[in-house]
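K.L.:
Provided herewith is a single structure, encoded as structure tokens, for subsequent inquiry.
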Amino acid sequence: MKKVFLKMVLAAVLIFTASTGLAHTPLCSCYDNGDGTITCEGGFSDGSSAAGVALRVVEKSGKVLIKGKMDEDSEFTFERPSGPFKVQFDAGPGHVVEVEGKEISQ
Amino acid sequence: MKKIAAMLLGLAVMAMSVPAFAHFQMIYTPEAAMNKGGKIPVVLVFTHPFEAGHTMDMGKPEQFFVLRSRGENAPKKRDLLNTLKPITWQSLINSGKAWATTYSARGGDHAFCVIPEPYWEGGEGHYIKQNTKVIINVGGEPGAWMAPAGLPTEIVPLSKPYDRWTGNVFQGRVLCNGKAVPGAEIEIEYLNHKPLLDKNAFAEEANATAPQDAFVLQTIFADSNGVFTFGIPKAGWWGFAALDLDPSYKYKGKKCSRDAVMWIKAVDMK
């Protein structure tokens, strides 16, 4: 009896963690607009909005070059930095997506 | 002598078979679910896909557009009609006028929609007009795939059309002028010959062999809510054509079968 109960609790925990985990998988893709700017589009695998989510453009050293937030369309546009960089889409702990600057094309 | 007899028999079989195989308006692009955005080829071909058979001449479509949606953003419509370039598509037995374009896809859902010029099917004495939709996705972030695109006749997916494993079911609802069509007849064909976009032709090699003619073109009916369900037996593109949804519809004074077509692509679980 005890064992069955434990199993049920475990199953419930697994289901709960699995579904929240999946629902909040963050996604971010960046595109070169061909005019010296880059647009990053953020979102989640369940289709929920990323408006207001933090986005940072950082140098290799970790220095933050640009700090912004996704707009109401879950987008953020910035000027392409001259040196190497990466984009961090930060939807909270464990929910950070990094995009390498050199992988961003049209 | 034997050879000639076999050829005659072949011709006779082909001639008898043609009316039984369905016409399918295709909007074809190689992938339905892409990891990265970029330029993708899109072709419009009006054909008999299982057999890569008789390909009909398409006129310039009345409308060709894409609805892009991402997350909770409202879908954005982009007219693609003037990007179309005429091509000649080679089937295994003939060639037909078709259309091609390239499209730059960023993240989210892209619902390609074509409203073709009605096709005069002399053999059957009526026109055919197949409003067709294909929904692809870039990056896994869904958009408004479940929302009607607003076509006069339309299949609206109840299952995400680009996330089907082989063996899943696909469900859709058949609409005409925005209303469900109870008991709609739906024909289903498998895209059995790979479209070769560098040659504007179907590959000769077939992926599957039908043991008998009935399997070339499968038939199901929608339920009283206009909803149909199909179990997907094989990876690749599957076309669904809901037929004659508005039986009194006429074009240039003649009967016109007003159809709704949708294509989905299933992927093997590996």
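The values are calculated or read from the model by the stated rules, or taken from the named source; none is laboratory data. Only a predicted model underlies this, so the values are computations on that prediction, with no experimental measurement involved. Cβ atoms come from the backbone with ideal geometry, glycine included; neighbour counts cover every protein chain shown. The accessibility values were calculated without ligands, DNA or RNA, using every heavy atom of the protein model including side chains. Shrake-Rupley method; radii C 1.70, N 1.55, O 1.52, S 1.80 Å.
K.L.:
Under the Karplus relation 6.51 cos²θ - 1.76 cosθ + 1.60, θ = phi - 60°, what is the ordered set of whole-Hz ³J(HN,Hα) values for the stretch B:131-141, x standing for Gly and Pro?
P.N.:
Rounded to whole hertz, the list is 6, 10, 9, 9, 10, 10, 9, 10, x, x, 7.
K.L.:
As a test of the definition: which semi-axes, in Å, follow for chain B when you take the square root of five times each eigenvalue of its alpha carbon gyration tensor? Largest first, please.
P.N.:
Whole-Å semi-axes of the equivalent ellipsoid: 28, 21, 20.
K.L.:
I'd like the distance between the alpha-carbon centres of the stretch B:21-35 and the stretch B:240-270, rounded to an integer number of Å.
P.N.:
So the two Cα centres are separated by 14 Å.
K.L.:
Continuing with this model, one more query. Could you tell me the relative contact order of chain B? Use alpha-carbon pairs under 8 Å, at least six residues apart, and round to a whole percent.
P.N.:
Numbers: 692 pairs, mean separation 53.0, N = 270.
The normalised contact order for chain B reaches 20 percent.
K.L.:
While we're here: Buried accessible area for the B:A pair, summed, 1.4 Å probe, in Å² rounded to 100?
P.N.:
1200
K.L.:
Roughly how many Å² is the accessible area per residue of the stretch A:31-74, as a whole number, for a 1.4 Å probe?
P.N.:
On a per-residue basis, 47 Å².
K.L.:
In addition: GNM, chain B, Cα, under 10 Å: largest mean-square fluctuation among B:Tyr119, B:Tyr251, B:Tyr190?
P.N.:
Maximum among the listed residues: B:Tyr251.
K.L.:
Cα atoms only: what Rg and Dmax, in Å, come out for the protein assembly as shown?
P.N.:
23.9, 83
K.L.:
Ok, one more. Find the Rg to Rh ratio for the stretch A:26-103, where Rh is the Kirkwood radius over alpha-carbon pairs and Rg uses the same atoms.
P.N.:
Rg/Rh: 0.94.
K.L.:
Further, regarding this structure: Just give the residues from the stretch B:53-71 buried by at least 40 square angstrom of accessible area in the all-chains context relative to the isolated chain, probe 1.4 Å, and say none if nothing qualifies.
P.N.:
Residues losing area: B:Arg70.
K.L.:
Only helical DSSP H runs with n ≥ 4 go in: add -39500 (n - 2.57) per run for chain B, normalise by residue count and round the 222 nm mean residue ellipticity to 500 deg cm²/dmol.
P.N.:
Calculated mean residue ellipticity at 222 nm is -2000 deg cm²/dmol.
K.L.:
Per residue, how much accessible area does chain B have with a 1.4 Å probe, in Å²?
P.N.:
46
K.L.:
Among B:Glu72, B:Glu154, B:Glu185, determine the one that fluctuates most according to a GNM of chain B built with springs between C-alpha atoms less than 10 Å apart.
P.N.:
B:Glu72
K.L.:
Tell me, which cysteines of the protein assembly as shown are without a disulfide-compatible partner by the Cβ under 4.7 Å rule?
P.N.:
Those would be A:Cys28, B:Cys113, B:Cys176, B:Cys256, since no other cysteine Cβ in the protein assembly as shown comes under 4.7 Å of theirs.
K.L.:
Among the listed pairs B:Lys179/B:Lys250; B:Lys60/B:Lys194; B:Lys133/B:Lys199; B:Lys36/B:Lys77; B:Lys129/B:Lys234; B:Lys179/B:Lys255, which have their C-alpha atoms separated by more than 26 angstrom in this model?
P.N.:
Values: B:Lys179/B:Lys250 19 Å; B:Lys60/B:Lys194 24 Å; B:Lys133/B:Lys199 24 Å; B:Lys36/B:Lys77 21 Å; B:Lys129/B:Lys234 28 Å; B:Lys179/B:Lys255 21 Å.
The pairs that break the limit, which is 26 Å between Cα atoms, are B:Lys129/B:Lys234.
K.L.:
What angle, in degrees between 0 and 90 and rounded to the nearest 10, separates the Cα long axis of helix B:2-17 from the longest principal axis of the Cα atoms of chain B?
P.N.:
For helix B:2-17, the angle is close to 40 degrees.
K.L.:
Pick from B:Leu80, B:Leu191, B:Leu245: which residue has the top mean-square fluctuation in a GNM of chain B where Cα pairs under 10 Å get a spring?
P.N.:
In this elastic network of chain B, the residue with the biggest mean-square fluctuation among B:Leu80, B:Leu191, B:Leu245 is B:Leu80.
K.L.:
Keeping the other protein chains in place, figure out the carbon and sulfur percent of the accessible area of the protein assembly as shown, with a 1.4 Å probe.
P.N.:
57
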